[in-house]
Amino acid sequence: MPVAGIRPGTPEQPADLVVRNAKVFTNDPRRPQATALAIRDGVIRAVGEDADIVPLVGPGTRVVDALGRRVVPGLNDAHLHVIRGGLNYVMELRWDGVRSLRRALAMLREQAERTPAGQWVRVVGGWSADQFAERRLPTLAELNAAAPDTPVFVLHLYQSALLNKAALRAAGFTRDTPDPAGGQIVRGHDGEPTGLLIAAPGALLLYSTLAKAPTLDEADKVDSTRHFLRELNRFGLTSAIDAAGGFQSFPENYGTVMELARRGELTLRIAYHLFPQTAGQELDDLKRWIDTVRPGEGDEWLRLNGAGENLTWAAADFENFTEPRPQLGAYEGEFEKAVRMLMEHGWGFRLHATYDGTIRRDLAVFEKLAAEGLFPQGNRWLFDHAETVSADSLDRIAALGGAVSVQNRLSFQGEAFVNRYGAPAAAEAPPLRAMLDRGLTVAGGTDATRVSSYNPWVALHWLVSGRAISGRRLAAEHNRLDRARALELFTLGGARLTGEQDVKGRLTVGSYADLAVLDADYFTVEEADIAHIESVLTVVGGRIVHAAAEHQGLAADLPAVSPDWSPVARFGGYQATPAPGLAGAQQADLVREAAAASDEQHAWRLARGRAVPGQNAAPQDPCFF
């Protein structure tokens, strides 16, 4: 049907979907801007001005008027624990975006009342005390008052977890429970656990305690994952690279996304990694996987990308910046065997490495294997995180054909990093400009959901502004990125890590039809407003998977959240707040409206002889004299 002057014709191959009247940022230097694009069979068929697209509109073409909004390529989170996050999403009370501890505790109190016996209230990642107006954590007394009978588990970054008394009982902690290696159960003067667990320095105690909470049944895991993917679509995410992680075993914990892929119900493209779960068994796991699956297997919606982010447990450092940098034992022997096995069989990999000391030790192993011709050999490999990587290590990574994936962990842990390592170190953590100047492939991610929020715009704000969510500027000016380069890390950067740069990350003819129509123009909004951007229309493979504002109703509805007591059913996911710039604009609008109302009132008074011409502000009401 006609849409804003566009009338359907009878093209030989009509478009399935046309987006017009837009400010399209293509991410293609050959044609960086456009106003319209046409999609057929999940692929972009034309990009240009509105008039260029008209011949592709047929009777069955859906035409979406973007109303002058900014359109960008679909975002790609290069380090997201999306599979694990989906299995748990509807059970989690999200404090992401909540601006005050008072509000957070009110949410917790209400959720405790809604949660049935036997279930826990769990607050797991995406927030920091620095985001609260009160600038503090909840106290154990506050948790016990808010939920005297329902177990409550609150995870704070990689640093600690807070458990109320009911959770201590449910988790089986007593005065006789020993401290595990790398963790501390804080006890009172009476020897009883208080409810505070500390990562000292490893977070295994925190995660193993969380693993004691009940899980969803298989049907609800599917529902939970679908809702989590839709929540990611809300922010314009169309792809993610799953970084695997602890308590994510293959193949059993991958079954849900595989089932959704078989049904054709994924709304996010996922490239996944495999992470050995048992210390001492890593080589056996890797050999078994090499014998059964290969990187690249799958399709454009779900595919294996390689191993990691750990290959051997002993080689992993920690990222709890409130604790001293860990001193790792000798790990090179088993680590070398794992890397050799992967490279000889054509497997790429990713490695968790926070500190340059770890990176240097890993590089020494790679350089030893390079002497045998195994590096660089075309297998994609990368370091994740790399907050303190040195210039020398970056040169060595480049020489060995590696890449780097960076995450905005300092958005949430920046204050702790500064307190331990100082502001000069934080100004270069990680050294983004040094990476890019060397021509390294650099991709952006969040490392959600256990610590950082899954909202990619919070990460993009960090890349551009260098600020933590506390508002503190961390990054030096030379280590901050302009908006186009930051967006490239969240589009083409991730595509390069999976070898899909020819079909992802740009809005060009032949690319996947993955895009987002934004509620505010990323390139022109005030810097502080970047973190508040959302998508009003997200398209993946030509299918509208999220629609809001003027486009409400264009995406298929999901089933209601199950179980019905889910925190997501009551509160949703990320808690959006007004953008600071928008709040200022609204205030200015109110002033203008007040002035206009004053003018109208003055005109009314003039018409009735109650005002003096030329004296707009002079009150003439007898009550004032």
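The values are calculated or read from the model by the stated rules, or taken from the named source; none is laboratory data. Computed from a predicted model, the values in this text were never measured in an experiment. Quick reminder, even Gly has a Cβ in these numbers, built from the backbone with ideal geometry, and neighbours come from all protein chains shown. Just the protein is used for accessible areas: all its heavy atoms, side chains included, with ligands, DNA and RNA removed. Shrake-Rupley method; radii C 1.70, N 1.55, O 1.52, S 1.80 Å.
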Next on the checklist: Quick check on the stretch 423-433: of everything there that is part of a helix (DSSP H, G or I) and open to solvent by less than 30 Å² (accessible area, probe 1.4 Å), which residue is nearest to residue 391 (Cα to Cα)?
Outcome noted: 432
Checklist entry - What is the residue count in the stretch 354-381 for residues that are part of a helix (DSSP H, G or I) and closer than 13 Å to residue 342 by Cα? => result 2
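Given the structure, is residue 476 over 21 Å from residue 534 (Cα atoms), at pLDDT 95 or above, among the small types (Gly, Ala, Ser) and in contact with a Ser or Thr (Cβ under 8 Å, 6 or more places away or on another chain)?
Values: over 21 Å from residue 534 (Cα atoms): yes; at pLDDT 95 or above: yes; among the small types (Gly, Ala, Ser): yes; in contact with a Ser or Thr (Cβ under 8 Å, 6 or more places away or on another chain): no.
Taking the combined requirement at face value, the residue does not satisfy it.
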Next on the checklist: Going by what's in this entry, would residue 113 be described as at pLDDT 95 or above, acidic (Asp, Glu) and open to solvent by 70 Å² or more (accessible area, probe 1.4 Å)?
Outcome noted: yes
Item to check | Whichever residue in the stretch 119-161 is assigned to a loop (DSSP other than H, G, I, E, B) and polar (S, T, N, Q) and, among such residues, is most open to solvent (accessible area, probe 1.4 Å) | outcome: 139
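Would you point out the residue of the stretch 442-457, among those that are of a type in the set (Val, Ile, Thr) and under 8 Å from the mean Cα position of the chain (by Cα), that is surrounded by the fewest Cβ atoms within 10 Å (Cβ to Cβ)?
If we filter the stretch 442-457 for residues that are of a type in the set (Val, Ile, Thr), which is where we start, we get 442, 446, 449, 451.
Narrowing further to those that are under 8 Å from the mean Cα position of the chain (by Cα): 446, 449.
Values: 446: 29, 449: 24.
Ranking the candidates gives 449 first.
Tell me which residues, restricted to the stretch 558-571, are exposed (fewer than 15 other Cβ atoms within 10 Å of the Cβ) and part of a loop (DSSP other than H, G, I, E, B). Quick ask: steps written out before the conclusion?
Just the residues of the stretch 558-571 that are exposed (fewer than 15 other Cβ atoms within 10 Å of the Cβ), to begin with: 558-560, 564, 570.
Scanning the stretch 558-571 gives 558, 559, 560, 564.
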Checklist outcome for this item: Requiring at least 3 residues that are in contact with a strand residue (DSSP E or B) (Cβ under 7 Å, 6 or more places away or on another chain) and not hydrophobic (A, V, I, L, M, F, W, C), the strands (runs of 3 or more DSSP E) wholly within the stretch 60-100 are 75-80
Next on the checklist: Return the pair list, or none, for Cβ contacts closer than 7 Å from residues in the stretch 169-180 that are touching a residue at least 12 places away in the same chain (Cβ under 8 Å) and over 12 Å from residue 191 (Cβ atoms) to residues that are assigned to a loop (DSSP other than H, G, I, E, B) and of a type in the set (Phe, Trp, Tyr), at least 6 apart or on different chains.
Outcome noted: 170/120
Checklist entry - Are any residues in the stretch 286-326 farther than 24 Å from residue 161 by Cβ and assigned to a loop (DSSP other than H, G, I, E, B), and if so, which ones? => result 293, 294, 295, 296, 297, 299, 300, 301, 308, 311, 312
Checklist entry - Which is surrounded by 20 or more Cβ atoms within 10 Å (Cβ to Cβ), over 24 Å from residue 552 (Cα atoms) and not hydrophobic (A, V, I, L, M, F, W, C), of 26, 10, 35? => result 26
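Quick one: count up the residues across the stretch 546-557 that are surrounded by 13 or more Cβ atoms within 10 Å (Cβ to Cβ) and assigned to a loop (DSSP other than H, G, I, E, B). Lay out the reasoning, then the answer.
So the first thing to find is which residues in the stretch 546-557 are surrounded by 13 or more Cβ atoms within 10 Å (Cβ to Cβ), and the list is 546-551, 554-555.
Imposing the further condition that a residue be assigned to a loop (DSSP other than H, G, I, E, B) reduces the set to 548, 554-555.
Selection size over the stretch 546-557: 3.
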Checklist entry - Could you list, in sequence order, the residues of the stretch 270-289 that are open to solvent by less than 40 Å² (accessible area, probe 1.4 Å), over 24 Å from residue 218 (Cα atoms) and in contact with a helix residue (DSSP H, G or I) (Cβ under 7 Å, 6 or more places away or on another chain)? => result 282, 283, 286
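So, of the residues in the stretch 500-524 that are aromatic (Phe, Trp, Tyr) and part of a loop (DSSP other than H, G, I, E, B), which turns out to be farthest from the chain's Cα centre (by Cα)?
Filtering the stretch 500-524 for residues that are aromatic (Phe, Trp, Tyr) and part of a loop (DSSP other than H, G, I, E, B), the one farthest from the chain's Cα centre (by Cα) comes out as 523.
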Checklist outcome for this item: Of (1) within 27 Å of residue 532 (Cα to Cα); (2) in contact with a Leu (Cβ under 7 Å, 6 or more places away or on another chain); (3) assigned to a strand (DSSP E or B), residue 46 satisfies every one except (1)
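Just to be sure, is residue 267 part of a loop (DSSP other than H, G, I, E, B), in contact with a Lys or Arg (Cβ under 8 Å, 6 or more places away or on another chain) and open to solvent by less than 30 Å² (accessible area, probe 1.4 Å)?
Criteria met by residue 267.
Can you say whether residue 259 is open to solvent by 30 Å² or more (accessible area, probe 1.4 Å) and at pLDDT 95 or above, as far as the supplied structure shows?
Details: open to solvent by 30 Å² or more (accessible area, probe 1.4 Å): yes; at pLDDT 95 or above: yes.
Yes, satisfied.
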Checklist entry - Is it true that some residue in the stretch 213-220 is among the hydrophobic types (A, V, I, L, M, F, W, C), farther than 19 Å from residue 93 by Cα, out of contact with any strand residue (DSSP E or B) (no Cβ under 7 Å at 6 or more places or on another chain) and in a helix (DSSP H, G or I)? => result yes
